[in-house]
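The structure appears below as structure tokens.
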Amino acid sequence: MISRLITLITLILLIAPILRAEIPEPYDTEKSPLPRMDAEQTARSMRVPDGFSVGVFAAEPDVQQPIAACWDSRGRLWVAENYTYAENPKRWDTDMRDRIVIFEDKNGDGRFDERKVFWDKATYLTSIEFGFGGVYVLCPPNLLFIPDANGDDVPDGEPQILLNGWNYKTIGHNIANGLRWGPDGWLYGRHGITDNSLVGAPGASDAQRVKFNCAIWRFHPVTRAFEIVCHGGTNSWGHDWDENGQLFYLNTVIGHLWHVVPGAYYRRMFGSHLNAHAYEVIEQTADHFHWDTGTETWTALRDKPMSSKTDTAGGGHAHVGGMIYLGDNWPAQYRNQIFTCNLHGNRINADRLVREGNGYTGKHAADIMRSQDRWFRGIELLYGPDGGVFVLDWSDAGECHDNDGVHRTSGRIFKMVHGEPKKIAPFDLAKASIGDLVQYQMHPNEWWSRTARRVLQERAASGADMGEAKRKLRSLSTTASDAPHKLRLLWALHSIGATNENDLAALLDDDSEHLRVWAIKLLGEVNSTSPSLIATLTSIAKSDASGLVRLFLASHLRLLPVESRFAIAKELVKHNEDAEDRQQPLCIWYGIEPVVAANHQKALDLIEASKLPTVTRLVARRLTEEIEKNPASVDGLVALLARSEGFQPS
């Protein structure tokens, strides 16, 4: 017996090195001669406004290749480390393995005290998000869920495949990424331009899947519904919501900032949208670029230092990570500004989000941080429980294409704070009372309200009695004094299944345009199409003075029955004040385009009522494409034009 045991131990000792050798240790291939600072030097080199300071939360070897991060209910930072990403032309090294690491700052001094490896068997890992008793992990071609129901930081079993079909084998830097909880309780993500994906549940047929490329998408954790939110962009790597629940995403080359209207088609870097009848696209939300578009090509920064004009403009075309600051540590002037890491500029850019026209315009604001470390490659920004902002640094001399190699053994996480942030006592919102979770909706730091809403949603999904939560949320809604807090309470009610058509329809008369917008958005989720509601929406289309409301009503058209679409669109196209808006006419078109060809008389009626030249032109264009299939539609168009010109065709 003893001899057998000795033999077994000997075999294990002999095999173990072989097994370990199957997965190589992280190795570097970066060839750049650029000098590299250590983490403390990099932090000291960062130029920030008066009153701010930057410290090192974690650095190599404790963190390497940080590509994404998220928070759990205890305020711990979960970090995705990607080692399988490689340089041209290989792009991926699947002999390597990616991993998820948990960092905890127990004493609140801005540095981690405890580090755990949660999972180390990933490939193509691009993002993670915590919730519902585990971690959502995007490892194309799969969206995975790794359960940890008892919260012991050890997976309960093998990853579950929730969705598959993401393409990942062509250009690595355009891979699907960006898991992030939206205020509506959906899990949002992003997709680059190079690959087409065909996404659906495991085993689904092609007909049951969704085909798309550059887009923002979302997945519901309870119903497991999957849908595209909007189309366009290049290689989006950053998005966030403002205090009114408006979604913005970051982009590269063709513009850095885009306001998301569901169903919209935005500019692409190249190629055409899969919907050939989209025809025209919406341009970026920002009124400026962060590089000298007049004389400098976007590829110039690969070969030479940036020009003084590009430096002044913001540092370059490549933007990675996105955060709208809604914490409670930075001064009030930064609240609701959007921040993004500028890859070539070694800095963090900022834009002010200004309501303008039917939507928003991004106005240039002063950079919030600039590093003197040429290896600084900020890749994500997120604020935490104490309001401090965490900056993930890929730490590499290469740019987004990594043509000269990858430095896998480096990585930093910096923490940027104003003054002395308050100490947060240990907590776990997963164990908080219903009363506390409800009250957190009024917290000045959005981190607490977002996390508490997710916990409420998890409890509802588990079948818990949510009667107390509904009563307290509704009671607080009657006393909340401003739109952002009312919206938080509305989102919480909706996430636990406590909203219906009547509740939402009542908000269509609210004084706040943002409450009216979200009533329309959530009515789409409860699939409300009753005749009385359609009549109300048609009335709103006719008389609502808010361009933002009309914009989201145009977005809502895509969810309605055909007859209702035309009735509402007919009122929307009468607003001549929207004729020059860069989004409204196109969003109306996107909503009615799928049904124009089959309803030529109603389309002609729409043209006749329209005061929006863009809608008139695109409806006419679509009808003329039907000349062989439906000559009557073109005859009707000619007759309409003849009447408008005062003559009869021969």
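When the Cα convex hull of region 223-336 is projected onto planes of every orientation, the mean area is 10.1 nm². Measuring against 22 Å, Cα to Cα, the residue pairs Lys106/Lys415; Lys542/Lys629; Lys121/Lys211 contain Lys542/Lys629; Lys121/Lys211 as the ones spanning a longer distance.
Rolling a 1.4 angstrom probe over region 154-260 with all protein chains present gives an accessible area of which 49% lies on carbon and sulfur atoms.
Applied to region 359-364, the Karplus parametrisation 6.51 cos²θ - 1.76 cosθ + 1.60 on θ = phi - 60° returns per-residue 3J(HN,Hα) values of x, 9, 10, x, 9, 4 Hz, with x for Gly and Pro. Taking every alpha-carbon pair under 8 Å whose residues sit at least 6 apart, region 315-421 reaches a relative contact order of 24 percent. Among rounded, prolate and oblate, which fits region 486-544 when a ≥ b ≥ c are the square roots of the eigenvalues of its C-alpha gyration tensor, a/c under 1.5 means rounded, and a/b larger than b/c means prolate? It is oblate, given that a/c is not under 1.5 and a/b is not larger than b/c. Rounded to the nearest 10 degrees, the inclination of helix 2-21 to the longest alpha-carbon principal axis of the chain is 50 degrees. Spin-label model, Thr478/Ser539: points 7 Å from Cα along the beta carbon direction are separated by 2.5 nm. Cα centroids of region 375-415 and region 61-75: 11 Å apart. Our summary gives the chain a relative contact order of 12 percent, counting only alpha carbon pairs under 8 angstrom and 6 or more residues apart. Where both bridge residues fall in the chain, DSSP classifies roughly 95% of the beta bridges as antiparallel. With K and R counted +1 and D and E -1, the other residues having a Cβ less than 12 Å from that of Arg621 yield a net charge of -2.
Hey, how many Å between the Cα centroid of region 593-616 and the Cα centroid of region 255-296? Between the Cα centres of region 593-616 and region 255-296 lies a distance of 25 Å. Estimated from helical segments only, the mean residue ellipticity of the chain at 222 nm is -8500 deg cm²/dmol, where each DSSP H run of four or more residues counts as -39500 (n - 2.57). Note on region 510-571: Kirkwood radius taken over Cα pairs, Stokes-Einstein applied at 20 °C and 1.002 mPa s, translational D equal to 188 µm² s⁻¹.
For region 187-203, the residues whose backbone nitrogen is under 18 Å from a point 7 Å from the Cα of Glu158, taken along Cα to Cβ, are 202-203.
Relative to the compact-globule estimate of 2.2 N^0.38 Å, the Cα radius of gyration of region 278-397 comes out at 1.12. Percent relative contact order of region 170-321, based on C-alpha pairs within less than 8 angstrom and at least six residues apart? Contact order relative to length: 17 percent. Remark: region 310-349 is approximated by an ellipsoid whose semi-axes, taken from the C-alpha gyration tensor as √(5λ), come to 22, 10, 7 Å, largest first. What angle, in degrees between 0 and 90 and rounded to the nearest 10, separates the Cα long axis of helix 467-479 from the longest principal axis of the Cα atoms of the chain? Tilt relative to the chain: about 60 degrees. Across the accessible surface of region 70-141, with the other protein chains kept in place and a 1.4 Å probe, carbon and sulfur atoms take up 42 percent. For region 374-437, the Kirkwood estimate of hydrodynamic radius, built from reciprocal distances between every pair of different alpha carbons, is 14.6 Å. All Cα-Cα separations within region 16-122 were binned at 10 Å from zero, giving a P(r) of 12, 34, 35, 17, 2, 0, each value a whole percent of the pairs. The calculated P(r) of the chain, using every Cα pair and 10 Å bins from 0, goes 3, 15, 25, 26, 17, 9, 3, 1, 0, 0, 0 in percent.
Placing R0 at 56 angstrom, the Cβ-Cβ distance between Phe270 and Asp511 gives a FRET efficiency of 0.80 after rounding to 0.05.
Label positions at Ser32 and Arg224, each projected 7 Å from the Cα along the C-beta direction, are separated by 4.3 nm.
The values are calculated or read from the model by the stated rules, or taken from the named source; none is laboratory data. All values reported here derive from a predicted model rather than from experimental measurement. Here the Cβ is made from the backbone with ideal geometry for all residues, glycine too, and neighbour counts use every protein chain on show. Protein only, heavy atoms only, side chains kept; ligands, DNA and RNA dropped before computing areas. Shrake-Rupley method; radii C 1.70, N 1.55, O 1.52, S 1.80 Å.
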